[in-house]
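The values are calculated or read from the model by the stated rules, or taken from the named source; none is laboratory data. Computed from a predicted model, the values in this text were never measured in an experiment. Neighbour counts run over all protein chains shown; Cβ positions are idealised from the backbone, glycine included. Ligands, DNA and RNA are excluded from the accessible area calculation, which covers all protein heavy atoms including side chains. Shrake-Rupley method; radii C 1.70, N 1.55, O 1.52, S 1.80 Å.
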Amino acid sequence: MAASDTPSSRGRSGRLVGTITRGTTNTNRLRRMDRWIAHAAGRTLRAPVAPPVAVDLGYGAAPWTAVELSARLRAVRADVRVVGIEIDPARVAAALPMAEPPLLEFRRGGFEVPLDGGARPRLIRAANVLRQYDEEQVAGVWARLCGRLAPDGLLVEGTCDEVGRRHVWVALGPEGPRTVTFAARLAGLERPSELAERLPKALIHHNVPGRPVHSFLRDFDRAWAAAAPLGAFGARQRWTAACAALAADWPLRDGPVRWRQGELTVAWAALAPR
């Protein structure tokens, strides 16, 4: 199996769109994001008659995240096709032995998202990719990727730490950003604002007083502090109580079932830079 590098895999200029990232990755690093994706995109993935396509964009120096995404999405629908895309040809070559065509394949490409026959994916996941770009580039990349989605598709773009204990990601549809999700391993979490260091590029520089994302994290910390007595019953109970308190003032898009997973999802419009 050869890596795809055809004209269809390139931008209008004839070049792949994007730059090579650092590529650091670890097994099981994106488990929290994958768990949320399986929940949020499950209906979309089950809907089409033909096998749906999901893309792991910029999987890094090793293909673990694409392999794991494939396995997790097969639990949602057995014939989901996952395509791992990397702009570095050496990374693609190294990943090819892990391919399981047609359910898992690897090819060379960038933000143009090269797929056979101009297929439109129902999921694009871009984890720890845009963090290495300038903030002013984010909107353009988002628009380009959203333009590649199927009409009911989902783009998930965000950042996590090296071992996958702390994540923040933005979910977007073809129309643009919808929600922001915070997810953490609750054991050892001192306060929710520790997740600020994992904010996606579109938000991280706006975590300053007077900006919405800063106000949200401030209120989250206050709710977490107020729920401290529940810590005697475990961090999960404390997190759930803090989320319930936040729901009085912020437009949360999930509920206790997801909160108990160490997640919280809020409407993008509430945190978007003004």
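Here the chain is assigned +1 on the Cβ of each Lys and Arg and -1 on the Cβ of each Asp and Glu. Its dipole about the Cα centre then comes out at about 400 debye.
How large is the convex hull of the C-alpha atoms of segment 112-198 per residue, in Å³? Don't jump to the answer; show the numbers that get you there.
On the way: hull volume 9.5 nm³, N = 87.
Here the figure is 109 Å³ per residue.
If you wrap the Cα atoms of segment 157-204 in a convex hull and average its projected area over all directions, you get 3.5 nm².
With every protein chain kept in the model, how would you rank D34, D152 by accessible area, 1.4 Å probe, largest at the top?
Details: D34 5, D152 60 Å².
Listed by decreasing accessible area, they come as D152, D34.
Surface composition of segment 173-274: carbon and sulfur make up 52 percent of the accessible area, probe 1.4 Å.
Quote the convex hull volume per residue of the chain, based on C-alpha atoms, as a whole number of Å³. Intermediate results must be reported in sequence, preceding the final value.
Working: hull volume 33.5 nm³, N = 274.
Roughly 122 Å³ of hull volume per residue.
According to the square roots a ≥ b ≥ c of the eigenvalues of the Cα gyration tensor, what is the shape class of segment 9-158, taking rounded for a/c under 1.5, prolate for a/b larger than b/c otherwise, and oblate for the remainder? In terms of gyration-tensor shape, rounded.
Which sequence of R148, R178, R125 reflects their accessible areas, 1.4 Å probe, from the largest down?
On the way: R148 40, R178 100, R125 0 Å².
Largest accessible area first, the list is R178, R148, R125.
Evaluated at q = 0.11, 0.14, 0.23 Å⁻¹, the base-10 log of the normalised Debye intensity for segment 177-268, with identical point scatterers placed on the Cα atoms, takes the values -0.27, -0.45, -1.26. Under conditions of 37 °C and 0.692 mPa s, segment 116-274 yields 202 µm² s⁻¹ as its translational diffusion coefficient, taking Rh as the Kirkwood radius over Cα pairs in the Stokes-Einstein equation.
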